[in-house]
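Data first, discussion second: the structure below is written as structure tokens.
Bear in mind these aren't lab numbers, they're just calculated from the coordinates by the rules spelled out. Just so you know, these numbers come straight off a predicted model, no measurement behind them. Cβ atoms come from the backbone with ideal geometry, glycine included; neighbour counts cover every protein chain shown.
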Amino acid sequence: MATRESIREALKMVIDPELGLNLVDLGLIYDIDLDEDSIHIAMTLTTAGCPLHESMIEAVRHVAQSSDLTKMVYVDLVWEPPWTPELMSEDAKKTLGWSTVAAR
């Protein structure tokens, strides 16, 4: 049985093709909610015009579905709150050469 944490960990396999980092460390996965029948994932993108949004959403859906084949998976693309670099993990910031990201 999948848990929020096991799904979040599995979603680290989904890589942003432009940045080469996983969506979790980029701070793009906002929420994971599970109930008896389904998994709901709220995610965002770094920009609203991302040309790869369909493939990234489908990858998230596929990985979450693989975590628990008995549940339906719904992925909601949201824009609030807007993504900012502050949402990235420290590892992602270091990988991109940003030791610290100033608060806006």
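Quick notes on this one:
- Under 21 Å from the Cα of Lys71 - lysines, other chains or at least 8 residues apart: Lys12
- Within the chain, longest stretch clear of exposed chymotrypsin sites (Phe, Trp or Tyr not before Pro) (DSSP loop, no more than 16 other Cβ within 10 Å): 1-78
- Of the residues Lys94, Lys12, Lys71, the one that moves most in a GNM of the chain with alpha-carbon contacts below 10 Å is Lys94.
- Within the chain, antiparallel bridges make up roughly 50 percent of the DSSP beta bridges whose residues both belong there.
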